[in-house]
1. Give me, ordered by chain and number, the residues 5 or more places off Asn80 or on other chains with an amide H under 5 Å from its own placed amide H.
2. Which of the trypsin sites (Lys or Arg not before Pro) across the range 107-159 are loop residues per DSSP, with 12 or fewer other Cβ within 10 Å?
3. Counting Lys and Arg as +1 and Asp and Glu as -1, each charge on the Cβ, what is the dipole of the chain about the Cα centre in debye, to the nearest 20?
4. State, to one decimal in nm, how far the label point of Thr13 lies from the label point of Leu122, with both points 7 Å from Cα in the Cβ direction.
5. Which order do Ser119, Ser5 take by accessible area at a 1.4 Å probe, largest first?
6. Evaluate the distance, in nm, between pseudo-label points positioned 7 Å from the Cα of Asn134 and of Val6 along their respective Cα→Cβ axes.
7. What length, rounded to one decimal in nm, is gained on full extension from Val161 through to Glu53, with 0.36 nm per residue of separation minus their alpha-carbon distance?
8. List the chymotrypsin sites (Phe, Trp or Tyr not before Pro) within the range 1-58 that DSSP assigns to loop and that have no more than 14 neighbouring Cβ atoms inside 10 Å.
Amino acid sequence: MKQISVALTDNFTFDSDNQALGSGGSSEVRKMRSSHHPRNLYALKKLNMIYDETPEKFYKRCSKEFVIGKHLSHSVHVANTYCLVKVPTTTYTTRGWGFVIEICAKDLFQLMERTGWRSVPLSEKYCLFKQIANGVKFCHEQGIAHRDLKPENVLLTHDGVCKLTDFGISDWYRTDPQDQNSPVKTCEGMIGSSPYAPPEA
């Protein structure tokens, strides 16, 4: 996972329309262009410090999400993660860490919000569900739990391919990800988005 450069401005520029693609509690997503091939569009996920996070913990959180996203980029049903970058203070963002990911047309929630979603044929909805299930299966085969699966975290390409994204609270099953015989991790407390929590949580 070595990179020649980690400075965002070495290889990317903010899109001229200053379009924010989304935001959450600990991040914001903006449209980017390649400096060398301006027709190529990408998304920058800029991570923000949360609560009383130290710079060390912040970097550790950013790099962990990047490593998991990069590791899962081999599946057609996971959004590609390209590079970890240092983001400078600009008109659009404050300085910090982020990573450049594949840009998609919309997310599943935006599709479900549209008028007429109820009349979409069941076979098309099953097709979306099957793609999501394949993405989750791939994550599990790699020893990773997503832990925040929801329509907002399923992206759709112009061709209708579903891609999982947002691995901010994802984690490896094992205490040592490289050793399948190491103990299974256990987690405590609520995590993820409450509207999508299972009834037993």
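1. When sequence neighbours closer than 5 places are left aside, the close amide H contacts are Glu102.
2. Working: sites: Arg114, Arg118, Lys125, Lys130, Lys137, Arg147; in loops: Arg114, Arg147.
Here the trypsin sites (Lys or Arg not before Pro) that fit, given the DSSP loop and packing criteria, are Arg114.
3. The calculation lands at about 380 debye.
4. Taking the simple label geometry, Thr13 and Leu122 are separated by 5.2 nm.
5. Listed by decreasing accessible area, they come as Ser119, Ser5.
6. Placing both labels 7 Å beyond Cα along the Cβ direction yields 3.6 nm.
7. Details: separation 108, 0.36 × 108 = 38.88 nm, distance 3.60 nm.
Stretched fully, the Val161-Glu53 segment lengthens by 35.3 nm.
8. Tyr51
The values are calculated or read from the model by the stated rules, or taken from the named source; none is laboratory data. Given the structure is predicted, the values throughout are model-derived calculations rather than measurements. Neighbour counts are summed over all protein chains in view; Cβ atoms, including those assigned to glycine, are modelled from backbone coordinates with ideal geometry. The accessibility values were calculated without ligands, DNA or RNA, using every heavy atom of the protein model including side chains. Shrake-Rupley method; radii C 1.70, N 1.55, O 1.52, S 1.80 Å.
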